[in-house]
Amino acid sequence: MKKERQVAFRAALEAGALIRERVGQISSIDYKSAFNMVTDVDKASEEIILKILQNEFPGDDFVAEEGGGNVNGSSRRWLIDPVDGTTNFAHGYPFFCVSIGLEENGEMVLGVIYEPVRDEMFYAIKGNGAFLNDQKIQVSKVDTLTNSLLVTGFPPDTVTSAFDNMAQFNRFTNLSQGVRRDGSAALDLAYIACGRLDGYWEKKLAPWDVAAGSLIVEEAGGKVSDFTGAPLSVEEGIIIASNGLIHDEIIKVLAELKEKVRSS
Ligand code: IPD
Ligand code: CA
Ligand code: CA
């Protein structure tokens with residue numbers, strides 16, 4: 001996995017340099033739907049990453065958000081988000097990253113998340129711990145929801161989506177120190193891993209949003225699951241990630257709210 005890590009670093013750093021250079025200098029924005037934007041930088045970043053990875057690992061599968069990948073049925077699959085936090089990036093709000101995950105036989109084995117503004121490289125290799133710029137990282141030790149700082153996200157099609165996260169957002173805001181909505185799922189996970197945040201929940205995510213970050217959280221000693229506590233499926237994209245200590249409390253609150261909606 002050493003070579004994979006080095007190549008993923010090279011791809012993330014090169015794409016990150018472009019992203020950093022282009023903050024506030026986007027040449028085109030397209031809209032996948034009314035609120036779901038994609039810039040020329042998303043596409044250029046994806047091209048850089050794919051070129052580097054595909055050149056080194058031509059037999060692997062590649063799934064990338066902007067559609068540039070190729071899938072041949074390999075046991076190894078790279079999951080790539082060339083800019084996670086595009087809305088932030090397009091507005092010059094400095095919270096976005098590159099996310100590159102490698103899955104082998106359905107299991108995440110490598111996760112690399114690069115945040116170009118602060119020059120922070122988060123990564124993990126299965127079984128080897130999690131790191132931020134080569135320093136080992138660990139999740140926080142906050143052990144109650146009351147003392148925790150949480151984060152969540154809303155799908156780009158929130159207005160039309162059947163999933164309304166507002167009730168959950170309200171409830172957790174009343175039960176914790178606060179709930180952030182930072183706009184980059186991958187970076188939210190990286191922040192859980194290094195203890196800047198304690199708990200995270202979100203629904204309607206894509207595999208490339210959670211692939212790298214879920215491994216980094218687990219390798220930092222945290223816990224990742226779906227809303228019921230069952231193992232995360234990157235395809236389903238329903239996630240709770242936490243320091244482990246407040247995980248059950250988050251599951252309980254989400255279950256209570258679901259029950260309330262059902263019986264109302
Ligand atoms: C989005 C971000 C955001 C999450 C959205 C994602 P993008 O990814 O991760 O935090 O709430 O659901 O779509 O579009 O910026 O790559
Ligand atoms: Ca994303
Ligand atoms: Ca993206």
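Here, each number is a calculation from the coordinates, and none is a lab measurement. Here the structure is a predicted model, which means the values were calculated and not measured. Note that each Cβ is placed from the backbone with ideal geometry, even for glycine, and that neighbours are counted across all protein chains shown.
Observations, loosely collected:
- A full extension of the chain between Glu104 and Arg180 corresponds to an added length of 24.1 nm, given 0.36 nm per residue minus the alpha carbon distance.
- Between Asp143 and Val261, the FRET efficiency estimated from the beta carbon spacing at R0 = 30 angstrom works out to 0.55.
- Lysine pair count for the stretch 23-142 [Cα-Cα under 30 Å; pairs on different chains or 8 or more apart]: 8
- Projecting the Cα atoms of Val38, Gly67, Ile100 onto the charge dipole of the stretch 1-151, computed from C-beta unit charges around the Cα centre, puts Ile100 farthest toward the positive end.
- Across the stretch 38-96, Cα pairs under 8 Å and at least six residues apart give a relative contact order of 32 percent.
- Other residues whose C-beta falls under 11 angstrom from the C-beta of Val217 contribute a net charge of -2, scoring Lys and Arg +1 and Asp and Glu -1.
- Label-point gap, in nm, between Gln135 and Lys51 - each point 7 angstrom along Cα→Cβ: 3.4
- Assigned charges on the beta-carbon of Lys, Arg, Asp, Glu; the stretch 145-263 dipole about Cα centre (debye): 360
- Kirkwood radius and radius of gyration were both taken over the C-alpha atoms of the chain, and their ratio Rg/Rh is 0.96.
- Net charge over other residues, Cβ less than 11 angstrom from the Cβ of Asp60 (K, R count +1; D, E count -1): -3
- Exposure proxy shown here: for Met166, Met1, Met121, Met108, the number of other Cβ atoms within 10 Å sets the order, fewest to most, as Met166, Met1, Met121, Met108.
- Max mean-square fluctuation residue, GNM over the chain, Cα-Cα springs under 10 Å, options Ala220, Ala90, Ala212: Ala90
- Farthest toward positive dipole pole in the chain [+1 Lys/Arg, -1 Asp/Glu at C-beta], among Leu205, Thr146, Cys194: Thr146
- Maximal additional length on extending the Phe169-Glu21 stretch stands at 49.9 nm, based on 0.36 nm per residue less the C-alpha distance.
- Sites Ser28 and Glu236 - FRET efficiency at Förster radius 41 Å, r taken between beta-carbons, to 0.05: 0.80
- Cut-off 12 Å between beta-carbons: net charge of the residues surrounding Glu107, Lys and Arg +1, Asp and Glu -1: 0
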